[in-house]
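Read through the structure below, which is laid out as structure tokens, and then see the notes.
The values are calculated or read from the model by the stated rules, or taken from the named source; none is laboratory data. From a predicted model like this one, the values you see are computed outputs, not experimental measurements. Every residue, glycine as well, gets a Cβ built from its backbone with ideal geometry; the counts of neighbours run over all protein chains shown. Heads up: the accessible areas ignore ligands, DNA and RNA and are worked out on the full protein's heavy atoms, side chains in. Shrake-Rupley method; radii C 1.70, N 1.55, O 1.52, S 1.80 Å.
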Amino acid sequence: MIELKYPFSEAAVRGLKAGDAVSISGRIYTGRDKLHKHFADGGRLPVDFKDGALYHCGPVVVGEKGGYKVVAAGPTTSVRENPYEPDFIAKSGVRLIIGKGGMNDATLEAMRRFGCVYIQAVGGAAALSAASVKSVAGVSMLEEFGAAEAVWHFDVEGFLGVVAMDSHGGNLFADVAKASAKRLSELA
Amino acid sequence: MGIVDRLAELIRETSSSLPADVELALRRALRREAKGSSSAMVLKTILDNVKLARENATPLCQDTGTLTFFVDSSLRRKVTPEKIKSAVALATEKGWLRKNTIDSVSGRSYDNNCADGAPVIHYVECGKGERSGSVTLIMKGGGSENMSRQYSLPDSELGAGRDLAGVRKCILDAVVKAQGYGCAPGILGVCIGGDRAAGYEVAKEQLLRSLDDKAEDKSLSALESKILAEANSLGIGPMGLGGKTTLLSLKIAARPRVPASFFVTIAYMCWALRRRTIELSA
């Protein structure tokens, strides 16, 4: 298990290989469909993603004692952000993208160029992910995007995942897709 | 406990407690995977999550999904759409459901998860008499719903004709196309025939069957076993990171069709198959 702590340096990220299990600690920000669309339409990013982590997640959050408590926070499907992510990586300086299902070749190429990796969180494992969120430091775009789409500022400890796409062109999903297509042709 | 509270409790239990048959299938899957593999790590994480969600009575998955209620007609006067909606609003307020209902035209959120058509409610004619009845809830997330698919046979691209061999090709194609995107290991509900709408409805209803249930029709139950084994030989694995468990279960049903149409409809459900039934007096 490799420990990753915010801020995530380019050197630390370049050292990761597809297949590595990682445990993430420190600040991560959620952002999904509406944030990406907003960014692509020329909108300003509400937080600084430089050397940071973007989590494709629409959490269940409840208000509690003047603050927020995370009830469920698993990953959402990342492919929907394919059209926007290469540009997002290039312009924001983000180092970790956490989600599920992987992303396309253009995103992999941007990861190679700018030093970023894709981390597969376990889809649906929302209670466990929520338990690793130690506090909610804030939220941006809550009014504009709604609770499931807002940019939540999470401080996490021991958030688990697997590096599925690295900054050297390694892509577990592509390997599996290729092998399964080959097996399908054998079955047919 | 009033009926609204009882239904809200059903929502909370469905959202937080994975059914025993699904959990058992996940445990069996973990035993099959190699120790130290990413597939074993993913399954272990899933099982830890199942335990934690049940203990804390919090949602297993943050996508609390589309809620579909099946209510026996004997309960029509007790379990009204208004009562169900009140329960959904209450469960949302308590954080048992995500604010998960979006107006498709304006893009705004219905913050209590209630709208015209949300939740989905079906009253089912039952032969149980008037004294009692059951309420079944299934919650299906969007990630898996996006992997559901419908084929129209013959399909020249797949080389699939209008027979069970063609049906098999469609199902395997759907599994390969889904990869890990629908949160594998998945559970498939399949409908052969029907019109397009019935296909999706009946396919989804198969997800209510217990995982050890076999189709009554011998040729369908044989097809279920054969395709399940083949799908698990594809190597897609939990969350698509590779491994021996791509599907936990596969359920097939058939409906009549018109001569001109032959649909094969596949409802892809993630490992978090959240379904629960309660019995109520009328």
Notebook entry, point to check: Karplus couplings for the range A:7-15 from phi (6.51 cos²θ - 1.76 cosθ + 1.60, θ = phi - 60°), rounded to Hz, Gly and Pro as x?
Noted result: x, 8, 7, 4, 4, 5, 6, 5, x
Check: Given springs between every Cα pair under 10 Å in a Gaussian network model of chain B, which of B:D217, B:D195, B:D116 has the largest fluctuation?
Finding: B:D116
Check: Tell me, what ³J(HN,Hα) does each residue in the range A:107-112 have, in order and in whole Hz, if you take phi through Karplus 6.51 cos²θ - 1.76 cosθ + 1.60 with θ = phi - 60° and put x for Gly and Pro?
Finding: 5, 4, 5, 5, 5, 5
Notebook entry, point to check: What shape does the protein assembly as shown have by the C-alpha gyration tensor, where a ≥ b ≥ c are the square roots of the eigenvalues, rounded means a/c under 1.5, and otherwise prolate means a/b greater than b/c and oblate the rest?
Noted result: oblate
Margin query: Given a 1.4 angstrom probe, I'd like the percentage of the accessible area of chain B that is carbon and sulfur, rounded to a whole number.
Written below: 50 percent
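Which of rounded, prolate, oblate describes chain B, given a ≥ b ≥ c as roots of the alpha-carbon gyration tensor eigenvalues and a/c under 1.5 marking rounded, otherwise prolate only if a/b is larger than b/c?
Values: a/c = 1.72, a/b = 1.26, b/c = 1.36.
Because a/c hits 1.5 or more and a/b fails to exceed b/c, chain B counts as oblate.
Over all residues in B:50-62, what is the mean tally of Cβ atoms on other chains that come within 10 Å of each residue's Cβ?
Working: counts 4, 2, 6, 9, 1, 1, 4, 1, 8, 9, 7, 10, 19.
Averaged over the peptide's residues, the number is 6.
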Margin query: Can you tell me, using C-alpha contacts under 8 Å and at least 6 residues apart, the relative contact order of the range B:143-269 as a whole percent?
Written below: 42 percent
Next item on the list: Would you mind checking which residues have amide H under 5 Å from B:L97's amide H? H placed 1.01 Å from N; only 5 or more apart, or other chain.
Entry: B:T92
Next item on the list: Determine which aspartates and glutamates satisfy two conditions relative to B:K44: a Cα distance under 18 Å, and not lying fewer than 8 residues away in the same chain.
Entry: A:D20, B:D21, B:E23, B:E33, B:E55
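From the Cα gyration tensor of the range A:2-187, with a ≥ b ≥ c the square roots of its eigenvalues, which class applies: rounded if a/c is under 1.5, or else prolate if a/b is larger than b/c, or else oblate? Can you show the working numbers first?
Values: a/c = 1.56, a/b = 1.45, b/c = 1.08.
It comes out prolate by the Cα gyration axes.
Taking both sides together, what accessible area is buried at the A/B interface, probe 1.4 Å, expressed in Å² and rounded to the nearest 100?
Details: alone 8780 and 13370 Å², together 19050 Å².
The A and B chains share an interface burying roughly 3100 Å².
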Check: Taking θ as phi - 60°, what are the ³J(HN,Hα) couplings along the range A:48-63 by the Karplus curve (6.51, -1.76, 1.60), each to the nearest whole Hz, with x for Gly and Pro?
Finding: 8, 8, 4, 6, x, 10, 10, 10, 6, 7, x, x, 9, 10, 10, x
Item checked: For residues of B:87-99, the mean tally of beta carbons on other chains within 10 Å -> 3
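For the protein assembly as shown, what does the accessible surface come to per residue with a 1.4 Å probe? Please give it in Å². Walk me through the numbers before you get to the answer.
Working: 19050 Å² over 470 residues.
Spelled out: the 1.4 Å probe surface of the protein assembly as shown, per residue, equals 41 Å².
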Item checked: Euclidean distance between Cα centres, the range A:82-117 to the range B:86-163, Å -> 33 Å
Checklist line | Relative contact order (percent, whole number), chain B, Cα cutoff 8 Å, 6+ residue spacing | finding: 26 percent
Check: Label 7 Å along Cα→Cβ of B:V258; the range B:140-179 residues with amide nitrogen under 20 Å?
Finding: B:150-155, B:162-163
Margin query: Going by amide H atoms built from the backbone, whose H comes under 5 Å of the H on B:I102, apart from near neighbours?
Written below: B:Y110
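Counting each DSSP H run of 4 or more residues in the protein assembly as shown as -39500 (n - 2.57), what helix-only mean residue ellipticity at 222 nm follows after dividing by all residues, to the nearest 500 deg cm²/dmol? Walk me through the numbers before you get to the answer.
Values: 15 runs with 160 residues, N = 470.
So the helix-based figure for the protein assembly as shown works out to -10000 deg cm²/dmol.
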Notebook entry, point to check: With the contact rule set at Cα under 8 Å and sequence spacing of 6 or more, what percent relative contact order holds for chain A?
Noted result: 29 percent
Note to self: I'd like the FRET efficiency for A:R112 and A:D87, computed as 1/(1 + (r/R0)^6) with the beta carbon distance as r and R0 of 25 Å, rounded to 0.05.
What the structure shows: 0.95
Next item on the list: Using only atoms on other chains, find how many Cβ atoms lie within 10 Å of each Cβ of peptide B:179-187 and report the average.
Entry: 5
Note to self: Taking the alpha-carbon distance from B:K226 and a cut-off under 22 Å, which lysines remain once sequence neighbours fewer than 8 residues away in the same chain are dropped?
What the structure shows: A:K182, B:K169, B:K177, B:K204, B:K214, B:K218, B:K244, B:K251
